[in-house]
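Accompanying notes for the structure given below.
The values are calculated or read from the model by the stated rules, or taken from the named source; none is laboratory data. What you see is a predicted model; the values in this text were computed from it and never measured. In this analysis, Cβ positions are derived from the backbone assuming ideal geometry, glycine residues included, and neighbour counts consider all displayed protein chains.
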Amino acid sequence: MAQAQTKTSTPPLVPAAELAARNQTRLPNESAEYRRARNELLAEEIELRRHIERVAEMRRALPPGGEVKKKYQFQSERGPVTFADLFGDKQTLVVYSYMYGPERARPCPMCTSLLSAWDGEAQDIEQNVALAVIAQSPIERLVAFKKERGWRNLKLYSDTSREYSVDYLANTPEFADNAAIHVFTKRDGVIRHFWAGEMGFETADPGQDPRGAPDLMPLWTVLDMTPEGRKSDWYPSLEYPK
């Protein structure tokens, strides 16, 4: 008789407030009032961490998305490539649509700030998944700005036909070029859409600019830790005085 397999169950989570109460961190000259408020905040931070993981689990559990049936073509820095080529030897592809179409004199500063951060992470990301940045300007224009910005690791692709950009919501009747983040999978030779950021103006909360969750920009993560937070009247710039 075969021995029955026993399932290993995940132990129940300790309440966040209890974990926060175990915190031994104390900083110079802090008041008792500060420590009480900080531990209350710590409990909320623990809950946030858990919620982020629950959302990530839900994302990973999504059913198969729509099959990519069109044979999209792009120009890379080394010549023409297909959509399938963007995967390289990986099974998953992350695509960011960069707001730098031919109608723009200069690229979107917000997109540029994000991609500047990603350039430093690109080699780490690509140990796990493929990463592509697609814009609608000619490749020569994209490469020129890549050099100006000092990017070394991002792979840029030109979608001058705009076919991919239209299909995947980076070119709409309202916006000639729009930022978009998509994840695709390739399993058994079949390419499918897996996930896209779907938070925009219609899902924004009162008093906030549209923002996604998770937030793709390390800039905002850092500023959210400060007393000033995200200033409502400030955005990144393409250039700063030296």
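How many residues, within segment 118-134, are under 18 Å from residue 183 (Cβ atoms) and surrounded by 13 or more Cβ atoms within 10 Å (Cβ to Cβ)? Break it down stepwise before answering.
Step one: of segment 118-134, the residues under 18 Å from residue 183 (Cβ atoms) are 118, 121-122, 124-134.
If we keep only those that are surrounded by 13 or more Cβ atoms within 10 Å (Cβ to Cβ) too, we end up with 118, 121-122, 125-126, 129-134.
The qualifying residues number 11.
Can you go through 93, 115, 42 and tell me which one is under 21 Å from residue 160 (Cβ atoms), without any contact (Cβ under 8 Å) to a residue 40 or more places away in the chain and surrounded by 14 or more Cβ atoms within 10 Å (Cβ to Cβ)? Steps first, answer last, please.
Working: 93 fails: without any contact (Cβ under 8 Å) to a residue 40 or more places away in the chain; 42 fails: under 21 Å from residue 160 (Cβ atoms).
None of the others qualify; the one that does is 115.
Kindly check whether there is at least one residue in segment 188-209 that is in contact with a helix residue (DSSP H, G or I) (Cβ under 8 Å, 6 or more places away or on another chain) and at pLDDT below 90. Break it down stepwise before answering.
In the first step, residues of segment 188-209 are kept if they are in contact with a helix residue (DSSP H, G or I) (Cβ under 8 Å, 6 or more places away or on another chain); the result is 191, 195.
The next check asks that each one be at pLDDT below 90; those that pass are none.
Looking for residues that are in contact with a helix residue (DSSP H, G or I) (Cβ under 8 Å, 6 or more places away or on another chain) and at pLDDT below 90, one finds none in segment 188-209, hence no.
Tell me the helices (runs of 4 or more DSSP H) entirely within segment 75-185 that contain at least 1 residues that are of a type in the set (Ser, Thr, Tyr) and touching a strand residue (DSSP E or B) at 6+ places or on another chain (Cβ under 9 Å). Can you show your working first?
On the way: elements: 109-125, 139-149, 163-167.
By residue number, 163-167.
Looking at 170, 196 in this structure, which one is of a type in the set (Gly, Ala, Ser), out of contact with any Lys or Arg (no Cβ under 8 Å at 6 or more places or on another chain), in contact (Cβ under 8 Å) with a residue 40 or more places away in the chain and surrounded by 10 or more Cβ atoms within 10 Å (Cβ to Cβ)?
Values: 196 fails: in contact (Cβ under 8 Å) with a residue 40 or more places away in the chain.
Residue meeting the stated conditions: 170.
If residue 216 satisfies all but one of (1) over 21 Å from residue 135 (Cα atoms); (2) in contact (Cβ under 8 Å) with a residue 40 or more places away in the chain; (3) outside any strand (DSSP E or B); (4) of a type outside the set (Asp, Glu), what's the number of the condition it fails?
Among (1) over 21 Å from residue 135 (Cα atoms); (2) in contact (Cβ under 8 Å) with a residue 40 or more places away in the chain; (3) outside any strand (DSSP E or B); (4) of a type outside the set (Asp, Glu), residue 216 violates only (1).
I need a count of the residues in segment 177-201 that are under 25 Å from residue 158 (Cβ atoms), among the β-branched types (Val, Ile, Thr) and more than 18 Å from the chain's Cα centre (by Cα).
Residues that pass the stated criteria total 1.
May I ask you to say which residue of 65, 88 is at positive phi and over 18 Å from the mean Cα position of the chain (by Cα)? Step through it out loud before you land on a result.
Working: 65 fails: at positive phi.
Testing whether each residue is at positive phi and over 18 Å from the mean Cα position of the chain (by Cα) leaves just 88.
Might you check whether a residue that is surrounded by 13 or more Cβ atoms within 10 Å (Cβ to Cβ), modelled with pLDDT under 95 and farther than 20 Å from residue 216 by Cα occurs anywhere in segment 176-184?
Looking through segment 176-184, at least one residue is surrounded by 13 or more Cβ atoms within 10 Å (Cβ to Cβ), modelled with pLDDT under 95 and farther than 20 Å from residue 216 by Cα.
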